[in-house]
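Notes follow the structure.
Read-outs: derived from the displayed coordinates by stated rules, not from any lab. Keep in mind that this is a model prediction, so the values were computed, not measured. So basically every Cβ, Gly included, is an ideal-geometry build from the backbone, and we count neighbours across all protein chains shown.
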Amino acid sequence: MNRRESSKNETRRLILEAAKALFAEKGMEESTLRDIAAKAGASPASVIVHFKNKTALLEEALVDDIDRSFSALVGSMPEGAGFLARVMHLWTGMLWAYDRNRNLYRALISHTIFQPAGETPGMSKQSDECIRLLSTMIEEQKAAGVLHPDTDPFVASASLFSL
């Protein structure tokens, strides 16, 4: 990595850290891009170069937290537990994770839920990962004879995810 790339990465990191701090302190709605830039020691234009808007910045700020929480939950999935227990393990864990900073997650969900996948790549990737995991779990249930053989794993998992 050359000096220019290193400098760009550092600026991006500083902007992200400043946004996380301000979002936690003031909330997303009350934090302006100018506030974020000032706290990061960058220009407002730099913020826009790295993140096209506040929603993209909020998504980036929370995506790592969601990834860590989801990975930890998958890794701690109860061995031998039934389908419902495993789904409840995931949902309960994610709800606890969201509850740690409900105002930011409420803002994230309200600003990203109906956006096209290309506008929210982090959330779209995470949604897809969760639906894939649920699909695998549903396939296991079909193979065990618990679910009807005609059950479409994608439709079933997407329905569960939407809850």
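By the helix-only formula, in which each DSSP H run with n ≥ 4 contributes -39500 (n - 2.57) and the sum is divided by residues, the chain has a 222 nm mean residue ellipticity of -24500 deg cm²/dmol. Give the cross-link partners of K52 among the aspartates and glutamates, using a straight C-alpha distance below 20 Å as the criterion and excluding same-chain residues fewer than 8 apart. Correct list for K52: E5, E10, E17, E29, E30, D35, E60, D64, E119.
Run through region 42-86 and list the trypsin sites (Lys or Arg not before Pro) located in a DSSP loop whose Cβ has at most 11 other Cβ atoms within 10 Å.
On the way: sites: K52, K54, R68, R86; in loops: K52.
Here the sparse-neighbourhood loop sites are K52.
Dipole of region 25-162 computed with +1 at Lys/Arg Cβ and -1 at Asp/Glu Cβ about the Cα centre; of P116, A81, L160, farthest Cα towards the positive end is P116. Karplus-based coupling profile of region 36-47, in residue order and whole Hz: 4, 4, 4, 5, 7, x, 10, 7, x, 5, 5, 4, with θ = phi - 60° in 6.51 cos²θ - 1.76 cosθ + 1.60 and x standing for Gly or Pro.
If you keep only loop residues by DSSP, which GluC sites (Glu not before Pro) in region 67-163 have at most 10 other Cβ atoms within 10 Å of their Cβ? Don't skip to the answer; put the middle values down first.
Values: sites: E79, E119, E129, E139, E140; in loops: E79.
Qualifying residues, ordered by number: E79.
Taking the longest Cα principal axis of the chain as reference, the axis of helix 54-75 is set at about 40 degrees.
Rounded to the nearest whole Hz, the Karplus-based 3J(HN,Hα) values (6.51 cos²θ - 1.76 cosθ + 1.60, θ = phi - 60°) of region 6-15 follow the sequence 4, 5, 4, 5, 5, 4, 4, 4, 5, 5, with x at glycine and proline. Here each label is just a point 7 Å from Cα along the line to Cβ, and for M77 and N101 those points are 2.7 nm apart.
Close amide H pairs (under 5 Å, H built 1.01 Å from N) link L147 with K142, residues at least 5 positions away or on another chain.
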